[in-house]
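Accompanying notes for the structure given below.
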Amino acid sequence: MSLNLEEPIISIVFVLHGLNLTNRHIYFVFLLITYLFTIFINLTLILTIFLENMLQTPMYLFLCNLCINGIIGASSFYPKILYDISFDSHVITYIGSTVKKSVIKVRWLH
């Protein structure tokens, strides 16, 4: 089966209409700081739990699991919203939306 380059490729996209922001740089900086803070705090907690022998109990391992879940969740949300705020193109493809939905589902199954 060969790909015919003369046929148009149809792509389904979703347009995000709620992002008509006048002060984009303020929102971008705020969300970037929030994202980096979330990642930093969760990594700090994970490292503290693994390096301190007294904290290696089931309760703290559960907290470590929640921190990993928080990193996955923040990494599935913040990069796309930061991209959408920084550029004028506010579209997401159907495939991109499906991948994001799958990451969020996997996060809740974790």
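Throughout, read-outs are computed from the coordinates displayed, never taken from laboratory work. Note that the structure is a prediction, hence the values are computed from the model and not measured. Positions of Cβ are backbone-derived with ideal geometry, glycine not excepted, and every protein chain shown enters the neighbour counts.
Structural remarks
- Zone of Leu32's modelled label, taken as backbone nitrogen in the stretch 73-105 under 14 Å from a point 7 Å along Cα→Cβ: 79-87
- Summarising the label geometry, the points placed 7 Å from Cα in the beta-carbon direction at Ser97 and Tyr83 lie 1.6 nm from one another.
- Total charge dipole magnitude, the stretch 24-109, about the Cα centre, Cβ charges on Lys, Arg, Asp, Glu only, Debye to nearest 20: 280 debye
- Kirkwood Rh in Å, taken over the stretch 24-109 so that all alpha-carbon pairs contribute: 14.6 Å
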